[in-house]
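The values are calculated or read from the model by the stated rules, or taken from the named source; none is laboratory data. As the structure is a computational prediction, the values presented were derived from the model and not from experiment. Note that each Cβ is placed from the backbone with ideal geometry, even for glycine, and that neighbours are counted across all protein chains shown. Quick note on the areas: whole protein, heavy atoms, side chains included, nothing else; ligands and nucleic acids left out. Shrake-Rupley method; radii C 1.70, N 1.55, O 1.52, S 1.80 Å.
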Amino acid sequence: MNDDRRARVLRAIVEDYVSTNEPVGSKALVDRHRLGVSSATIRNDMAALEQEGLIAQPHTSAGRIPTDKGYRAFVDRIDEIKPLSAAEKRAVARVLEHPVDVDDVLDRTVRLLSQLTHQVAMVQYPRLSRARVRHIELVDLAPSRLLVVLITDGGQVEQRLVDTGRAVSADEVAALRALFLAHLVDAAVGDVPVLVGTVEARPELRGPAAALGAVLADLSRGFHTERLVMAGTANLARAGRELGEHMGPILEAFEEQVVLLRLLSTMAAPGPDVAVSIGAENPLDTFASTSVVATNYVAEGVEARMAVVGPTRMDYPTTMAALRAVAKYISTILND
């Protein structure tokens, strides 16, 4: 049998099944694709593909659908990832232009990926170990409550409420702001927990200063904590039948960032390469009915991951192209 033709038949089955969500028959392949052979030859090729475990018949008299092994063979034979169209590239640039800060970039990115792929998208925050404190702001919200905002030189923002233990005046808020700015501006965020212990406030401000220092120390640790932002969970509703009994556990896993971070950590995608994990290849049983497509982006020289999760019936070329293009855009933005 012609191996090249068999690969083209498998590719046609994958493309048609992804497009229609219906089993694919030999007649449909002949009608839709220029394979240059008869229906009988196609049927023989399909029989061989089925024998190899690359396609399967979901029920009697139905056409064929790809198996996880078939999807893997298809992905491995993608010679060149289809680039985004000019219109798609303009849309990406437009969505990501004029970013406010890291949070804004990642929020826009994850929503963009979800829209481009029609799947669940997730982006891991970079661990900005080299980030430095650019500014600290205190906002008086109530007599004994301040909003503390910590901003890095890379534009990442962490904020939290602090209970000062007593009412503080506008002059005292200004004094606290000046005190901590003097000690922390230009300091590495990793040094903040130690540096706040060296802050010496005048006696009447020691209580509020201690509370403020504790919060700033916690906020600085947030820049080193692994976390991610996600969008497009509603897209799973379209794949309810395909995910079957796995739908509930998958939704529960999406509530546990540690599970998703563990999943991403298994995706070997050095540099700009795109990694694809299909069905049972995923190390977590929860995701045995899904595919995960992941790549890396770079922020301040530090790599972090972004990924798309969806049913194995996925448009792999488009998803891979979207991830690669978006990763390139945000790496440029975050390293300017």
In nm, spacing of pseudo-spin labels at residue 19 and residue 47 (7 Å Cα→C-beta vector)
2.7 nm
Got a sec? Which residues in region 1-39 would a label at residue 91 touch, if it sits 7 Å along Cα→Cβ and we count backbone N under 18 Å?
19
Which whole DSSP H helices in the chain pass both tests: a Cα extent of 30 Å or more along the axis and a mean Kyte-Doolittle value no lower than 0.0?
none
So what is the relative contact order of the chain, in percent, for Cα pairs below 8 Å that sit 6 or more residues apart?
18 percent
So for R0 = 45 Å, FRET eff. of residue 57-residue 266 from the Cβ-Cβ r, to 0.05, ends up at 0.90
Checking 204, 303, 15 against a Gaussian network model of the chain (alpha-carbon springs below 10 Å), the top fluctuating residue turns out to be 204
Return the FRET efficiency for the residue pair residue 144, residue 198: r is the Cβ-Cβ distance, R0 is 22 Å, and the value is rounded to the nearest 0.05.
0.30
On average, how much accessible surface per residue is there in the chain, in Å², for a 1.4 Å probe, leaving out ligands, DNA and RNA?
47 Å²
Counting helices only, and only those DSSP H runs with n ≥ 4, report the 222 nm mean residue ellipticity of the chain as the sum of -39,500 (n - 2.57) divided by its residues, in deg cm²/dmol to the nearest 500.
-13500 deg cm²/dmol
What does region 152-280 give for Rg and for Dmax, in Å, if only its C-alpha atoms count?
22.0, 66
Hits in region 314-336: amide N under 17 Å from the 7 Å Cα→Cβ extension of residue 238, namely 314-323
Using a 1.4 Å probe on the protein chains only, how many percent of the accessible area of the chain belongs to carbon and sulfur?
50 percent
Could you give the C-alpha radius of gyration of the chain expressed as a fraction of 2.2 N^0.38 Å, taking N as the number of residues it contains?
1.29
